[in-house]
Amino acid sequence: MKISIIAALSENRVIGKDNDLVWHLPEDFKFFKEKTKEHVIIMGRKTYESLGKALKNRTNIVVSRTEEFKPSDAKKYDSLELAMEKARSIEVDEIFIIGGATIYKQALSFCTHMYLTFVHAEFEGDTFFPEFGEEWELVEEDPRKADEKNLYDFTFKTFRRSASGR
Ligand SMILES: NC(=O)c1ccc[n+]([C@@H]2O[C@H](COP(=O)([O-])OP(=O)(O)OC[C@H]3O[C@@H](n4cnc5c(N)ncnc54)[C@H](OP(=O)(O)O)[C@@H]3O)[C@@H](O)[C@H]2O)c1
């Protein structure tokens, strides 16, 4: 089964600021929606709160140790291990880890693929994508130019954990 991180990061690895995204790239949003639809998505409590609600047409799982946090439109588990166990029992081909930074950092040790959108600009932010090592092999690259709707150049990159890194 594929377990995939999906994220967008700037040249200086920023992924968010003040619990929100820092750029608006409709083409990347479309990519995210296409990839994750009809799948299980796993996120941290802050990312869920930043979205404001569960994303449609996906099984939304949120991890949180806050007892009072009870999302009505998503499943909640108090550990990432339990969330993964539940996700594996629903999903057959691919589970998506959709952030934020704390979840990416933990998932790097067990996920098999990463879909990373590199936004070719630097931004101020307070949340960063973790560093990752050479066990991650670049398998696909799709550069895009800025246009009137997408204000920055960006590149879709797909990584796979290499055999030696398993
Ligand atoms: N650019 C992108 O692709 C992208 C994607 C997603 C998010 N973001 C951005 O990232 C930022 C949010 O990221 P973040 O790192 O601050 O927060 P986060 O990872 O979304 O959520 C952190 C929270 O998740 C819960 N959590 C984490 N690990 C857990 C575990 N092992 N077991 C149980 N609960 C666990 C905790 O909730 P409790 O405190 O309730 O226990 C923790 O406070 C926002 O700015 C958002 O816009 C960007």
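Leu82 meets the conditions (1) buried (at least 22 other Cβ atoms within 10 Å of the Cβ); (2) near the ligand (Cβ under 10 Å from one of its atoms) in every case but one. The failed one is (1). Residue count for region 88-113 under the criterion of being more than 12 Å from Ser4 (Cβ to Cβ) and either part of a helix (DSSP H, G or I) or away from the ligand (no atom under 13 Å from the Cβ) (or both): the result is 9. For region 122-136, a residue qualifies if it is more than 15 Å from the ligand (Cβ to nearest atom), surrounded by 12 or more Cβ atoms within 10 Å (Cβ to Cβ) and assigned to a loop (DSSP other than H, G, I, E, B), and exactly one does: Glu135. The residue list Tyr77, Tyr152 contains one member that is within 10 Å of the ligand (Cβ to nearest atom) and touching a residue at least 12 places away in the same chain (Cβ under 8 Å), which is Tyr77.
Report yes if Asp142 is assigned to a loop (DSSP other than H, G, I, E, B) and away from the ligand (no atom under 16 Å from the Cβ), otherwise no. No; evaluated as a whole, the condition is false for this residue. Quick check: anything in region 68-75 of a type in the set (A, V, I, L, M) and either within 27 Å of Phe154 (Cα to Cα) or not in a loop (DSSP other than H, G, I, E, B) (or both)? No: region 68-75 contains no residue that is of a type in the set (A, V, I, L, M) and either within 27 Å of Phe154 (Cα to Cα) or not in a loop (DSSP other than H, G, I, E, B) (or both). Every residue in region 6-62 that is in a strand (DSSP E or B) and either away from the ligand (no atom under 12 Å from the Cβ) or over 20 Å from Asp126 (Cβ atoms) (or both), please. The answer is Ile6, Val40, Ile41, Ile42, Thr59, Asn60, Ile61, Val62.
No lab work stands behind these numbers, since they all come straight from the coordinates. Everything numeric in this text was worked out from a predicted model, so none of it was measured. Methodologically, a virtual Cβ is constructed for each residue, glycine included, from the backbone with ideal geometry; neighbour enumeration extends over all protein chains shown.
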